[in-house]
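What follows is calculated from the coordinates using simple rules that are stated; it is not laboratory data. Because the structure is a prediction, the values reported are computed rather than measured. Backbone-built Cβ (ideal geometry, glycine too); neighbour counts: all protein chains shown.
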Amino acid sequence: MNQSKAMDSGYESRIRTSTIRLAQWTGAWLAATALMAFGPKFLWNKALVFTLLVVGLDVAVGVGMILANKKYLEELDELQRKVHLNALAVAVGVALIAGIPYSMMDAYDVIPFKAHISHWMMLMSLTYFVSYLYGARRYR
């Protein structure tokens, strides 16, 4: 019994550490993306060198976030990994299936506003969240 508790404690500790690492990388990516979006206008008056440096920073931190996400998924048990991967698959699928027609409607002026990447990001995030909740509830 004690060995089982020790294994659970080790697993929980690894998940907690991995979750914190992923949250830190995600926060860093959010900050780098905000700097990339607002820095040229508010901090360095659209100076090309600074803008390109921050774009490089954003990409580098984004790669770190991807690797942290990969590590997080590797730390999960099989059922949790299945729930997350199913939610990711649904989110990517919905983004592709809805995103391309949305972009085409913008290109041909079918919609009265511009199609922005932020709309896709919100759609993917909401789809992932709902799919994850559904999967977690389904396998409970």
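Here are some notes:
- In region 85-104 there is no residue that is of a type in the set (A, V, I, L, M) and within 20 Å of Q24 (Cβ to Cβ).
- When the criteria are applied in full, Y132 meets the requirement of being of a type in the set (S, T, Y) and within 30 Å of E12 (Cα to Cα).
Conditions (1) farther than 30 Å from Y139 by Cα; (2) of a type in the set (K, R), marked per residue:
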| position | (1), (2) |
| --- | --- |
| W44 | yes, no |
| V49 | yes, no |
| L53 | yes, no |
| L57 | yes, no |
| G64 | yes, no |
| L67 | no, no |
| Y72 | no, no |
| K82 | no, yes |
